[in-house]
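Peer 1: Have a look at the structure that comes next, please.
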Amino acid sequence: MSHGIPTRQKAVVVAEGGKVVLTEVDVPRPGPEQVLVKVVAAALNNCDWKTVIYAKALGAVVGSDFAGTIVEIGSDVSPGTRTIGERVAGFVHGGVKPNGTCAEYVVVDPHILITLPPSISFENGAQLGVSPFAAAQTLYTTHELPPVVRRPRRSETLLVFGGATCIGQYVIQLAKLGGLNIVACCCSRNFSLVEKIGADQVYDYTAPYMSNTVRIATGGHLRYAVDCVSERHSPRQVAWSLGSTGGIVAAIQRYGSPRLGVEVKSSTPFTLLPEDFSYPIEHKSDPAEIERGTVYAKLWTDILSKDMVQLAPINLLPDGLAGVEKGFEYMMEGKRKTALELPYGGKKKKQLQADEDAVVNGGVVSDEEMRPSSQKGSGQEDEDEDVEMNASGSEGEDEEWGGIGESDEAVDQKAKHGGGKPKKPPTGEEVREIKEATDLFRSSSFKLQIDALLPNVRPKESRKQPLERFLLVLHECLTSAPSVPPQHPLEAARLLLSSESTKLPKGKQIKNKGKAKAAPVPIAVPYPLPLPTEDANWKVAFEAPTDVLLVGSWANQVSVKAKDDEPWGVDLAVEMPATLFQEKDYMNGRFFHKRAFYLAVLARHLSSQSTLNVDLLYESKNGDPRATTLVLRPRNDGSPNDFTKLQAQVRIIPVLPSSSPIPLARLAPHRSNFRVHERSDASDAAEAPSSENRPTPLYNSAVLLSATPKPHLLSIHALKQNTPAYTDALALLRIWANQRGYGEGKRPSVSGFEGRGQWWSALLEALVNGEEPIDTTNNKGSAKRKPLGKGLSSYQLFKAALDFLARYDLIHERVFVKAKDGHRFPPQDYDAHHEVAFMDSSSLVNLLAGVSPSSLQMLRHDAKKTLQTLDNPISEDPFSEVFLKEHRDLFTRFDAVLRVDISTAKLRQPSVHATLEHGSPAQALFASLDSVLRRGLGQRVKALCILHPSSQPRPLSQAHPSAPAIVSIGLVFDIDHAFRLVDHGPAASKTESAAAEEFRDFWGDKAELRRFKDGSIVESVVWDVKNADERAFIPVMVVRHVLKRHLNVDADAVQAWQPAFDTTLRLPESISSILPSNGIQAGFKAAMTAFDGLVKAIKALDKELPLGVLNVSPISEYLRYTSVLSPTAVPVSSLSLLPECGRYQPVMDVVLEFEKSARWPDNLEAIQKTKLAFLERLASALMASVQSTTVRVVVGHSLGDSPICDQARLEIVTP
């Protein structure tokens, strides 16, 4: 024994019956690789008393945490590692062997020691044992964060449950030093403490519905948590606080995962020691764990020396080692007080906090010889400091290391209930939780259905790894692409289209640096209109990209699965070098020509790379050649880079660099960037050419779109960070839109919405961040709408988006999303030159440029219908109707559907400017089609929609996309106007006006002057019909006429389902030919005329009846215009004229409601007799007042013969 170190010492050891006693034991001797520490202060925590009870290691010295000085160093300890007299803190595995901290001396492994700085007393330092090392384990081992501090702020958010526990406090501070966003849960009295040490958001875990509160606050994408309680309700609360995709929970003691998709990983600091043990878990010494302990000890030494953390408050216990037994009893008593007092225990929050205040969460004891027994810490009466000192840090209910034994409350429950687990009714908090969900979602299952839906529309994480490896290889291929010197655009196109790459001039070959050179592929350069000419004085070239960036929804992890098994889109922005462009490249499509050549060279280069093993295709969203991208689809070869299982495709998008010489000011909506000439039909050559100088807003927007991928990436990222519910809200909005055809798919989709993913994000951005103020004096301006804020749930944000779409007319109202520095161009430019405008927050592009007004009209109609479904209090659960039902079926969606063959369509007034402005003849045709349909149908429809299949990828040898030959036109009728016979124009007095001229030009030979009954003479279009069936066909007649006049589409090319359907329902010719000549009316009007006559007749009988008739309600489908077959009014005298099958008269039910009376009998059987007499009186009165009316009282047809059942009816046959 070294000089001055005794052989015997006082120590607290484990005794029989789960007790501890103070006795004398031998002083432990350090091994060659250990040190001996004289204990100055020891900390008590819950793992100590649990070890005493459950490990039952009789004679073992208790206690794990300590602070003291080194008095002896083992012979094999590296020189300089530790010094005699060094002030240290640390922990041992006490209570299981004759070496614990509740003694005068303790043997410690030097690698696990923390050097105490002079600023920390031994009493405060005694807590630096199990707790700080457990905190480090949860972050650096379980969550695999690097053990470093002062990192830049990261995007990840961490939930710390039990944030005011001792471990929780250290987890928060370490995570904050690591740059994480911290969400903490503790009782409300400790909010200030937790916020002070670094929590960004704090929530009360005794509050009802705590888990959903955290999920809403974190946007449903929280993936990482630390459970510093790890018992009773905490596993469930923590697991359900994580997002819909689940995540990882670092627990301080073992328990099974309470939720699918949530992985629970437990740890114990004792594994950091170089020893085997069987309590609280089975463990064999692990060198890797020992090394981690060394790293954590050095980390804490560095943190404490720099005063970077705040230590937890402590309680000092009197009587030194003699007070350990009372300390254990106090802690266990406190535990029993709060064992069942969690948020769902039904106890009031005030009582919960009172129980927590009664708990001394551990204490510090000092050696009797070192400190007088009367010494106590100051300020310990204050409840805010009465927090914790134990390793697990019980905050009333927080504890650690339950071991393998049963808790006291479990034993008590078994004793009380005979060993069975009692079934408890829902607590008050749980009932409130259910009620909140019901009030918000109108159904207790609606939210659960949403939570179950969202993971199924997102890519599976397990299948992303091959894609990530592929993207790394692709990045290397793109950045290593060889340069191509400048050359004439047509010459460059001919060389790329050649089947032999050797035809490229010297220095222009694209060499393959891979293993084997693939066969050359003919590449067509997708030059858009106007095509380059032979006399072009500018050149195209290629240089390797200056940047390759993952952009779009995939980069921000907001992708939503498309319809019809369309692949996931992974957008890769390839920044073209600024040296390739000139200032005037905005003119006449030169930018798009250089972009097309750049894309073609990339296609040639990538097709020669055998390491990629992909199919390369061109794709042009919305059929616009200016938006052509390069699509890479994987081949199924089973390689590590094969991402076919993910069902994704990579889309390469060439973009403008921020340093581009093209001046953005030249791309304002009012600017004209075409210099083209159109020829008229005039024979005079001097008058034929006419120089165009019209604005080109769509063309300008297309150029600006090439500068937006990176700004849009950043705006979405910022929105995700600032609005927790954004990701799920966007997913719900995109699901809703996809179900209705506002996106890609193999079935006909709404025209104009293909590739508009950024607009849906911008819509939510406008709601959350607000809009720029606009001059409201202009009738196309809109007043600034107030932002909704960032605290809405995903469902509330989704409904707000629907409300915006339903309430505001995007055709006439301009939207300018709030921008950092205001918007680049004045609103008046968009009013004058764009049909619709929705400016993004980067102030670069109109996100709705090119979307037809009719498509937006249809979108508004669908939004209104959905809101009615969601807000209807008597409808069934609307989840399936809103998110699951397929709404792309045309025949159930529209009142009329027309299939139009536009393969031979030709504009009556073709315009080169319109073709260039829209990008292609097909797009110009669609714009004209939309315009003439809206003009022709006018108020006849609430909404009309042009639908066609989405654009499909095409071979690299095909420069331009194929235009659809067939489109569908869907009409939603406005019943008040749809079937009117006359369209009115200007009055005759204005026949020479521009409006009259335009009216006649639009309608052609259908326009004529007509005099009407009121004496007015106006320009008119009259639709001649012979019967009601033909009148229902008027909207289709309008469509056929305007398409024939303006697009040269023959009537036979416009097919509708109505004629065939009407033919099936129409009366046979053998019957319909008899009706008019005999004055017999067919249709709903005749039925309604008969009903109106009956109502008047009954109302006139008030004096004849004992009770007045209040209401006569039609309930028959024939009287509500909902019958498939129209009724026919056949007089009885004319029945003999019809064949046998035509004499059937349909029954039309009505309900009579009489005034109240106290004279009705109370007996049910008497009521039926009275009713029978009442009907008899009414029948007699009707036949007497209306000639040729037959009225009978019909008795029978009941379900039984009971005298109290309703069996009487009145059958009336009108003349």
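Peer 1: Of the residues that sit in segment 553-577 and are small (Gly, Ala, Ser) and either under 17 Å from Leu478 (Cβ atoms) or at pLDDT 95 or above (or both), which one is surrounded by the fewest Cβ atoms within 10 Å (Cβ to Cβ)?
Peer 2: Taking the candidates together, the pick is Ala555.
Peer 1: Restricting attention to segment 600-622, does a residue exist that is out of contact with any Phe, Trp or Tyr (no Cβ under 6 Å at 6 or more places or on another chain), within 19 Å of Val484 (Cα to Cα) and of a type in the set (Ser, Thr, Tyr)?
Peer 2: Yes, because at least one residue in segment 600-622 is out of contact with any Phe, Trp or Tyr (no Cβ under 6 Å at 6 or more places or on another chain), within 19 Å of Val484 (Cα to Cα) and of a type in the set (Ser, Thr, Tyr).
Peer 1: Restricting segment 897-911 to residues that are under 12 Å from Leu1043 (Cα atoms) and of a type in the set (D, E, K, R), which is surrounded by the most Cβ atoms within 10 Å (Cβ to Cβ)?
Peer 2: For segment 897-911, the residue satisfying everything is Asp901.
Peer 1: Here's another thing I want to ask about it. Residues Thr51, Thr23: which one is in the same structural domain as Val324 (by TED's automatic domain parsing), in a helix (DSSP H, G or I) and among the polar types (S, T, N, Q)?
Peer 2: Every option except Thr51 fails the conditions.
Peer 1: Sort out for me the strands (runs of 3 or more DSSP E) sitting completely within segment 641-726 that have 1 or more residues that are at pLDDT 95 or above and not hydrophobic (A, V, I, L, M, F, W, C).
Peer 2: 648-655
Peer 1: Check off (1) at pLDDT 85 or above; (2) more than 24 Å from Gln647 (Cβ to Cβ); (3) crowded, with 16+ Cβ neighbours inside 10 Å for Ser483 and give me the number that stays unchecked.
Peer 2: Of the numbered conditions (1) at pLDDT 85 or above; (2) more than 24 Å from Gln647 (Cβ to Cβ); (3) crowded, with 16+ Cβ neighbours inside 10 Å, the odd one out for Ser483 is (3).
Peer 1: Also, quick follow-up: Residue check: is Leu1105 assigned by TED's automatic domain parsing to the domain that holds Gln1187, assigned to a loop (DSSP other than H, G, I, E, B) and closer than 23 Å to Met1183 by Cβ?
Peer 2: yes
Peer 1: Okay, next question. What are the pairs with Cβ atoms under 8 angstrom where one residue, in segment 237-266, is part of a loop (DSSP other than H, G, I, E, B) and the other, located anywhere, is of a type in the set (Gly, Ala, Ser) and surrounded by fewer than 16 Cβ atoms within 10 Å (Cβ to Cβ)? Sequence gap at least six, or different chains.
Peer 2: Pairs that qualify, where the first residue is part of a loop (DSSP other than H, G, I, E, B) and the partner is of a type in the set (Gly, Ala, Ser) and surrounded by fewer than 16 Cβ atoms within 10 Å (Cβ to Cβ), are Thr245/Gly261; Gly246/Gly261.
Peer 1: If I go through segment 135-158 residue by residue, how many of them are farther than 17 Å from Ser267 by Cβ and modelled with pLDDT of 80 or more?
Peer 2: 2
Peer 1: For segment 461-472, which residues satisfy the criterion of being loosely packed, with under 15 Cβ neighbours inside 10 Å and farther than 13 Å from Val650 by Cα?
Peer 2: Selection gives Glu461, Ser462, Gln465.
Peer 1: Hey, another quick one. For segment 1039-1071: of the residues being of a type in the set (Gly, Ala, Ser) and over 22 Å from Ala978 (Cα atoms), which is surrounded by the fewest Cβ atoms within 10 Å (Cβ to Cβ)?
Peer 2: Among them, the one singled out is Ser1070.
Peer 1: Hey, another quick one. With Tyr279, Tyr296 as the choices, which residue is part of a loop (DSSP other than H, G, I, E, B) and either surrounded by fewer than 17 Cβ atoms within 10 Å (Cβ to Cβ) or in contact (Cβ under 8 Å) with a residue 12 or more places away in the chain (or both)?
Peer 2: Going through Tyr279, Tyr296 in turn, the sole match is Tyr279.
Peer 1: For the subset of segment 741-795 comprising residues that are among the hydroxyl-bearing types (Ser, Thr, Tyr) and modelled with pLDDT of 80 or more, which member is farthest from Val882 (Cα to Cα)?
Peer 2: Out of the qualifying residues, it is Ser751.
Peer 1: What pairs come out if I take residues in segment 74-97 that are free of Cβ contacts under 8 Å to residues at least 12 places away in the same chain and pair them with residues that are outside any loop (DSSP other than H, G, I, E, B) and surrounded by 11 or more Cβ atoms within 10 Å (Cβ to Cβ) whose C-beta lies under 9 Å away, six or more apart or interchain?
Peer 2: Here the result reads Ser78/Pro110, each pair linking segment 74-97 to a residue that is outside any loop (DSSP other than H, G, I, E, B) and surrounded by 11 or more Cβ atoms within 10 Å (Cβ to Cβ).
Peer 1: Scan segment 791-824 for residues that are touching a Pro at 6+ places or on another chain (Cβ under 8 Å), buried (at least 19 other Cβ atoms within 10 Å of the Cβ) and under 17 Å from Thr708 (Cβ atoms) and jot them down.
Peer 2: Phe816
Peer 1: Would you be able to say whether some residue in segment 96-116 is out of contact with any strand residue (DSSP E or B) (no Cβ under 6 Å at 6 or more places or on another chain), in a loop (DSSP other than H, G, I, E, B) and on the phi > 0 side of the Ramachandran plot?
Peer 2: The answer is no; no qualifying residue exists.
Peer 1: Looking only at strands (runs of 3 or more DSSP E) that lie completely in segment 904-1009, which have at least 2 residues being within 30 Å of Leu616 (Cβ to Cβ)?
Peer 2: Answer list for segment 904-1009: 941-948, 966-973.
Peer 1: Still on this model: If you go through segment 1-17, how many residues are loosely packed, with under 14 Cβ neighbours inside 10 Å, of a type in the set (Gly, Ala, Ser) and either touching a residue at least 12 places away in the same chain (Cβ under 8 Å) or part of a strand (DSSP E or B) (or both)?
Peer 2: 2
Peer 1: Then there is this: So for segment 602-616 (the condition being in contact with a Cys (Cβ under 6 Å, 6 or more places away or on another chain) and either farther than 17 Å from Leu478 by Cα or assigned to a loop (DSSP other than H, G, I, E, B) (or both)), does at least one residue qualify?
Peer 2: There is at least one residue in segment 602-616 that is in contact with a Cys (Cβ under 6 Å, 6 or more places away or on another chain) and either farther than 17 Å from Leu478 by Cα or assigned to a loop (DSSP other than H, G, I, E, B) (or both).
Yes/no per residue for (1) closer than 30 Å to Val107 by Cβ; (2) out of contact with any Ser or Thr (no Cβ under 8 Å at 6 or more places or on another chain); (3) hydroxyl-bearing (Ser, Thr, Tyr):
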| position | (1), (2), (3) |
| --- | --- |
| Val229 | no, no, no |
| Gly247 | no, yes, no |
| Lys265 | no, no, no |
| Tyr279 | yes, no, yes |
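Residue-by-condition table, conditions (1) closer than 17 Å to Val25 by Cα; (2) crowded, with 16+ Cβ neighbours inside 10 Å; (3) more than 51 Å from the chain's Cα centre (by Cα):
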site	(1), (2), (3)
Lys56	no, yes, yes
Asp65	no, yes, no
Ile70	no, yes, yes
Pro79	no, no, yes
Arg82	no, yes, yes
Glu86	no, yes, yes
Gly90	no, yes, no
Val96	yes, yes, yes
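Residues checked against (1) under 30 Å from Thr1064 (Cβ atoms); (2) loosely packed, with under 14 Cβ neighbours inside 10 Å:
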| residue | (1), (2) |
| --- | --- |
| Pro1127 | yes, no |
| Leu1137 | yes, no |
| Val1151 | no, yes |
| Arg1159 | no, yes |
| Phe1174 | no, no |
| Val1195 | no, yes |
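Peer 1: Follow-up. Does Ser854 fit the bill of being modelled with pLDDT under 90, more than 24 Å from Val703 (Cβ to Cβ) and either in contact with an Asp or Glu (Cβ under 9 Å, 6 or more places away or on another chain) or surrounded by 18 or more Cβ atoms within 10 Å (Cβ to Cβ) (or both)?
Peer 2: Against the criterion (modelled with pLDDT under 90, more than 24 Å from Val703 (Cβ to Cβ) and either in contact with an Asp or Glu (Cβ under 9 Å, 6 or more places away or on another chain) or surrounded by 18 or more Cβ atoms within 10 Å (Cβ to Cβ) (or both)), Ser854 does not qualify.
Peer 1: Taking segment 870-896 as the search range and keeping residues that are modelled with pLDDT of 90 or more and more than 22 Å from Lys563 (Cα to Cα), which one is surrounded by the most Cβ atoms within 10 Å (Cβ to Cβ)?
Peer 2: Ala896
Peer 1: Next up: Does Arg1209 fit the bill of being among the charged types (D, E, K, R), surrounded by 12 or more Cβ atoms within 10 Å (Cβ to Cβ) and more than 60 Å from the chain's Cα centre (by Cα)?
Peer 2: no
The values are calculated or read from the model by the stated rules, or taken from the named source; none is laboratory data. Because the structure is a prediction, the values reported are computed rather than measured. Cβ sites come from the backbone with ideal geometry, for glycine too, and all protein chains shown count toward neighbours.
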